[in-house]
Amino acid sequence: MFNQCWLKLLQQQRSIAVIRAPQLELGRQMARAVAAGGMGLIEITWNSDRAPELIALLRSELPGCTIGSGTLLNLEQMQQAIASGAQFLFTPHVDPTLIRAAVDAGVPIIPGALSPTEIVTAHQAGASCVKVFPIQAVGGSRYIRSLQGPLGHIPLIPTGGVTLENAREFLLAGAIAVGLAGDLFPQKLIAAKNWEALEQQARNLIQQLATNPIN
């Protein structure tokens with residue numbers, strides 16, 4: 001049941017803001033900015049400053065958003081992320097032990113995979129959907145499209161090279177959603193603490209993905 005709810009949420013939102021914050025307060029402001037811009041799915045990478053504290057804080061401050069954790073490398077980190085309130089989990093790799101533990105905990109898990117073998121292995125192990133990473137290194141949206149024939153039944157979320165300009169191409173190619181990190185959060189804007197501009201970045205992305213609705 002939680003998988004069905006998660007997939008429905010992805011189909012509604014279509015994009016995930018991926019925050020890797022060197023300071024907790026920066027991460028907090030980055031999250032608040034994209035939330036104000038209309039984004040409802042926010043991932044805090046585990047290598048962010050005080051990630052568990054930041055996740056718990058955002059769960060409290062942004063009740064309308066779904067807050068998850070990413071870059072989880074082992075079971076201990078994943079358990080800590082769940083304990084801090086993470087509502088979805090991203091890993092950069094396929095680990096059946098982590099997938100089973102997340103399924104048992106009732107939290108959607110999205111492992112990172114690249115080859116068709118890795119993608120199928122993750123899905124068969126119980127992954128809610130699969131992160132295809134790093135997507136730009138293997139042809140971008142063309143790679144997602146080429147996977148649709150044999151693997152169209154597996155929900156895919158490309159990351160690693162998704163930009164404001166090409167995000168829609170990935171959805172048209174068959175991805176259920178996209179994850180954006182650096183292109184959504186330019187270092188220049190963060191250094192200037194220009195939260196209004198970050199909010200506008202998010203709003204522009206939402207508008208782009210809402211134009212001519214994608215099936």
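Below are the figures for this structure:
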| quantity | calculated |
| --- | --- |
| Centre separation in Å (Cα based) which lies between the range 40-114 and the range 139-170 | 22 |
| Residue-wise HN-Hα coupling along the range 117-132, computed from phi with Karplus coefficients 6.51, -1.76, 1.60 (Hz; x: Gly, Pro) | 4, 5, 4, 5, 4, 5, 5, 5, 6, x, 4, 5, 7, 10, 7, 9 |
| Full-extension gain in nm, Ala56 to Glu76, via 0.36 nm per residue minus C-alpha separation | 5.5 nm |
| Using a Förster distance of 22 Å, the FRET efficiency for Gln187-Glu165 (Cβ separation, nearest 0.05) | 0.80 |
| Dipole magnitude of the range 29-186 about its Cα centre (Cβ charges: Lys, Arg +1; Asp, Glu -1), debye to nearest 20 | 280 |
| Anisotropy class of the chain from Cα gyration tensor, a/c 1.5 cut | oblate |
| In nm, spacing of pseudo-spin labels at Glu118 and Gln4 (7 Å Cα→C-beta vector) | 3.2 |
| Prolate/oblate/rounded label for the range 1-120 (Cα gyration tensor, a/c 1.5) | prolate |
| Neighbourhood net charge (14 Å Cβ-Cβ; Lys/Arg +1, Asp/Glu -1) for Val162 | 0 |
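No value in this document is a laboratory result; all are computed from the given coordinates. Keep in mind it's a predicted model, so treat the numbers as computed, not measured. Virtual Cβ from ideal backbone geometry, glycine too; neighbours counted across all protein chains shown.
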